[in-house]
Amino acid sequence: MKNKKILTCATIALVASMIAGCSTNNSTTTNKQEVAKTVAASEDKKDEADSTGKEELVFVNFRDIRDLNPHLYAGEMYAQEMLYETLVTITEDGYKGCLAESWDISEDGRVYTFKIREGVYFSDGTICDANAIKANFDAIIENKERHTWLEMMNLLVSVDAPDSNTFVITLSAPYYPMLTELGVTRPFAIISPNAMMNGSTKDGVKEYIGTGPYVLTDFVIDEYAVFEANDNYWGEKPTIQKITVKVIPDNQTRILALEKGEIDLIYGKNMIDADAITKYADSEEIKVALSQPTSTRQLVMNTTDEILGDIEVRKALQHATNKTAIAEGIFYGLEEPADFLFSKTIPYCDVALTPYEYNLETASQLLEDAGWVVGSDGIREKAGVKLSLDMLYNSDSVTEKTIAEYLQAEYQQIGVQIIINGQEEQSYRDNMKAGNFDIVFNISWGTPYDPQSSLSGMTAPVYGDYAAQLGLDNKAEIDEAIEKILVSTDETTRQQLYDFVLESLHKDALYIPLTYECNKAIYTKDLQGVTFTQSQYEVPFYNMYFE
Amino acid sequence: MKTYILKRIGSAIPLLFCISFLCFVFINLIPSDPAEVALRVRQTPVITEQAIEEVREELGLNAPYLVRYGRWLMNCLSFNFGVSYTNPSRTVLGEISRCLPATVQLAMVSLIFVILLSLPIGFLCAVFQNSWFDKIVRAIVFMTTAMPAYWIGLLLIWFVSIYLDLLPTSGSGSMKHIILPAITVSLTYISTYIRLIRNNMLENMKEDYVLYANVRGLKQTNILIRHILKNSLHTCIVAIGMSIPQLISGTIVVENVFAWPGLGKLCIESIFNRDYPVIQTYVLLIGTLFVVFNLIFDIISYVTDPRLRGDK
């Protein structure tokens, strides 16, 4: 009897704890619910709103905005671009003044004098003058070792603010990508000195206060962030007054949410797959936009390899690669076939080169001439060595696997055996860096880092390029030319050096360009002004409006 | 009784220690350098050897392996679980306490669905054994057990949120948001418990006490509810109790599909980002939950079942 009572009590306790669990939870999340109500209310308002002049946009990302300290690298760049600004911005037409109205570069290319725009205020009301900018640079320099990937940090001698409208940067040597590095979001975006912790930002900031077109008004980790138009903004005020960024990690759910109208815009290279783009290409409710090429998807061949050390084998593989079939069959024509290491639309990359034409006969002939004869199993051999190569790819990337399988079948036709080797992202990177590959998939850095940073990366053992190029006879000359490019002050000389580097790499045939990757967006039909900028991480909300 | 409980608690401590050590060992066997991964996740454009070395220093990864484990364990005892590698401004304890309530909420609502649905359906299946109702339920049970949660989730979003336009597709904050993820989580469990209750009841129906009750002329409803169901629930309560930690740890896929800000989402992100402190704390927490629930329901069984105590 006693046991029965205990059992009954235990059952009641279990049910009660469950109910209590839920009710406690409900009470502790009251705050969240209130905020959620606000979001829900805003959603309702959105539905009720007249289709013209809607001023609220719901954007989506796979993770939350994280730490938006502009001087560190832990935050989402699109969100940092909404809050903060830099001295200059990079546009299609070149550099444009932003917080700096204009600038002068000394004859020797070492001293940059910026005239700071007057009447610019941070969203907390503090003035953004040369002193505020110097305070930012001081904070960045305090954490200099974290930013050494930017060559200008290594060349930086001093920063000065001789008066409230003038800001001067002095370098130890001329450096032509200087303005590009100042124009990318991190780390040279400017935060209000009041938001710093005793003049420092390396250990965090008090608030996210910038001069940008929006201010952050609400943020719930892993759920959403709300940005509203900055009343203090000095430039043209954006039409979209409020942007809610929801977090939806799953690709399919994001698309379903867009179909339901819960979100207005999905934007970014890795946020949308080719299937979704083709699905909505002819839709009337959902629109699709693609940018100009931003980066190059390519295969890199390891020239230190016994087989690939032979340039004839590399050339044969160049001719055996059907890029058009990859672009159309795997990317549904959304990515253009790539003939060169960088698209001709990238600065300095419009170089007169002859592409390696797809021709299996030429490929076979080249191998034949190089002494590789077809064995009994259909695989070519030379001096007892089989023409068998390992192709490393990132197994997290569905497209790389598909391309690898396609090329495996293609190369088989000319008697080349490909053993495809998919590895999880970090292992793939580790092997690439260590040069543990015959052929590896790679993507160039993309705008605005191409071509200068991609080329600069080839000179140090940081990425697979360095390891892959070690077998080239002209490696030293190429590296020397790249170093000269970075410090060149004369435009013609710089172009000549780029011509030399790009031509050499093309002739060395170690890169097989596959397609030019582009940025993508899908959005509701009422949303207008969805464009792309030179920075592939930026979402230009300020151009957007609802019809 | 007291000795039994103390003995069980005593054996749980070395078990937790083993869980934490094995977890630490396995995580550290992963060849990738967490410092390099942290730099990549923080979107550092160029990852130089120098930068990696600085982050290794910052994260304390330069210390020998066992020293790091010892340090971590000592810190855990004072509830200091460290700082996330990829989001240095967030502490692991903060992350876990932020995500745990959402997951517990989801698990509890799912559990309510499980109990509310599996109990009456399992009961009816046993009472009307081999009827058309029983057969249809069995077919559905087989189907739902075989369907992956990811797929069920997406189908539900498409059907309920888009086609019927009844509920939001994803997110959190209101009871409306929790319905679809809770249904998705509970479907597999409902199928299991329907079968468990049904089978238990059928077994009990064959027992002598049911025969005697019938002989005594008791009402059928009385026999079914007060005797058979009650006796069948005994095993089910322990099974359902043990499924609570399972529910808490088993929401990873569903949380990602429905953008539910819980532990599962945190865990999967941490695994991809090699965020060791978060993974270690997560494993320790789930291990503790299993040990604690196991202990509680063992004690309940011990108290309620005279056979386990060896009572005569």
TODO: May I have the extent of the alpha carbons of the protein assembly as shown along their three principal axes, as whole Å values ordered from largest to smallest?
DONE: 109, 79, 61
Task: Dipole in debye (nearest 20) - the stretch A:239-291, about Cα centre, beta carbon charges: Lys, Arg +1; Asp, Glu -1 - done: 280
Open item on the list: In the protein assembly as shown, if the dipole is taken from +1 on Lys/Arg beta carbons and -1 on Asp/Glu beta carbons about the Cα centre, which of A:W103, A:I419, A:A476 is farthest to the positive end?
Closed with: A:I419
- [ ] Specify the angular offset, from 0 to 90 degrees and rounded to the nearest 10, of the alpha carbon long axis of helix A:130-142 from the longest principal axis of the alpha carbons in chain A.
- [x] 60
TODO: Considering Cα pairs under 8 angstrom that are at least six residues apart, work out the relative contact order of chain A and quote it in whole percent.
DONE: 19
Task: Loop GluC sites (Glu not before Pro), the stretch A:312-377 (other Cβ atoms within 10 Å of the site Cβ: 10 or fewer; DSSP) - done: A:E357
TODO: For chain A, find the longest principal axis of its Cα atoms and tell me its angle to the long axis of helix A:360-369, 0 to 90°, nearest 10.
DONE: 50
Open item on the list: Please compute the modelled spin-label separation between B:N80 and A:V385, points set 7 Å along Cα→Cβ, answer in nm with one decimal.
Closed with: 5.7
Open item on the list: Among B:T86, A:N154, A:S291, whose Cα projects farthest towards the positive end of the dipole of the protein assembly as shown, with charges put on the beta-carbon of Lys, Arg (+1) and Asp, Glu (-1)?
Closed with: B:T86
Task: Cleavage-rule hits (GluC sites (Glu not before Pro)) in the stretch B:195-284: DSSP loop, at most 15 neighbouring Cβ within 10 angstrom - done: B:E207
Task: chymotrypsin sites (Phe, Trp or Tyr not before Pro) lying in DSSP loop within the stretch B:57-105, provided at most 14 other Cβ fall within 10 Å - done: B:F79
Open item on the list: Through the Karplus equation 6.51 cos²θ - 1.76 cosθ + 1.60, θ set to phi - 60°, convert the phi angles of the stretch B:29-35 into ³J(HN,Hα) values in whole Hz; use x for Gly and Pro.
Closed with: 7, 4, x, 5, 8, x, 5
Task: Hypothetical label at A:S283: residues of the stretch B:153-177 whose amide nitrogen lies under 19 Å (7 Å Cα-Cβ projection) - done: B:154-171
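Rounded to the nearest 500 deg cm²/dmol, what is the calculated helix-only ellipticity per residue at 222 nm for the protein assembly as shown, with -39500 (n - 2.57) per DSSP H run of length n ≥ 4?
Values: 31 runs with 412 residues, N = 859.
One gets -15500 deg cm²/dmol as the mean residue ellipticity at 222 nm.
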Task: For the stretch B:2-79, with +1 on Lys and Arg beta carbons and -1 on Asp and Glu, the positive-most of B:P64, B:Y4, B:L39 along the dipole - done: B:Y4
- [ ] Identify which of B:Q246, B:Q50, B:Q129 has the largest mean-square fluctuation in a Gaussian network model of chain B, with springs joining Cα atoms closer than 10 Å.
- [x] B:Q50
TODO: Could you give the size of the charge dipole of chain A about its Cα centre, using +1 on the Cβ of each K and R and -1 on the Cβ of each D and E, expressed in debye and rounded to the nearest 20?
DONE: 1920
Task: Test item: Cα-centred dipole of the stretch B:93-309, Lys/Arg +1 and Asp/Glu -1 on Cβ, debye - done: 620
Open item on the list: To test your reading of the geometry: what angle, between 0 and 90 degrees and rounded to tens, separates the Cα axis of helix A:475-487 from the longest principal axis of chain A?
Closed with: 40
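Each reported figure results from applying straightforward, stated rules to the coordinates on display, with no laboratory input. Worth saying up front: this structure is predicted, and the values here are computed from it rather than measured. Glycine gets a Cβ as well: all are built from the backbone with ideal geometry, and neighbour counts include every protein chain shown.
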